[in-house]
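Written below as structure tokens is the structure these notes are about.
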Amino acid sequence: MTVYASKPEINVREKLKELDYGHVPYEKMPAGSVIQVQQALLTTPATYSNSGSASDIAGLSVNITPKSSTSKMYINCHVSYSTSVNGSGNQIRLIRNGTYIARTYHGTTSDGWFGLDNNFGQANSVGLLMNASGFYIDSPSSSSTINYKVDHYGIPGTTPIKFCSSNNDGLGGICTLTVMEIKQ
């Protein structure tokens, strides 16, 4: 004698509609889910001198309040820039709540800021619109509001750098800072 078992089909869409909340609660989201995204976008060119002190790249700042203190933050930064002569001596730094946590310097990455374009601040950037992008994964272990920002530091006596600059055909550059909270 053969026994056949069957179970009713489940309509996931209907089950979701039955939930008593408008979205899946953060605590029920699986690990690796993007919980929230904050972004700063700049399109206005600004020149920064190399005075030997750090200068915030105005407007390239994001505040984010984590939903959980165990979340990680995926931070992506993109800058377009130009210099009129050799731009060596420039560096950009990622800052969390006033303390730098990653940087690029003379075309090398350090402090864990992986993926930044190796052309940053090098002689081949002379008069050209260049781009640098990098990412960083931070574990702030906090559920308080966190400020991430990008600043610029130039060695005194080196050539100023222009962020969000346009190239000779007038096409503008952009600078972005994107922070994503990732559930663990």
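The values are calculated or read from the model by the stated rules, or taken from the named source; none is laboratory data. Values in this document were obtained by computation on a predicted structure and should not be read as measured data. Here Cβ is always computed from backbone atoms with ideal geometry, including for glycine, and neighbour counts include all displayed protein chains.
I'm trying to understand the selection: among the residues of the range 1-50, which are among the β-branched types (V, I, T) and in a helix (DSSP H, G or I)?
Within the range 1-50, V12 is the sole residue that qualifies.
Confirm whether V24 is β-branched (V, I, T) and exposed (fewer than 10 other Cβ atoms within 10 Å of the Cβ).
In short, no.
Filter the range 51-66 down to residues that are part of a loop (DSSP other than H, G, I, E, B) and at pLDDT 85 or above and give me whichever is surrounded by the most Cβ atoms within 10 Å (Cβ to Cβ).
P66
Any residue at all in the range 67-89 that's in contact with a helix residue (DSSP H, G or I) (Cβ under 6 Å, 6 or more places away or on another chain) and modelled with pLDDT of 85 or more?
Yes, some residue in the range 67-89 is in contact with a helix residue (DSSP H, G or I) (Cβ under 6 Å, 6 or more places away or on another chain) and modelled with pLDDT of 85 or more.
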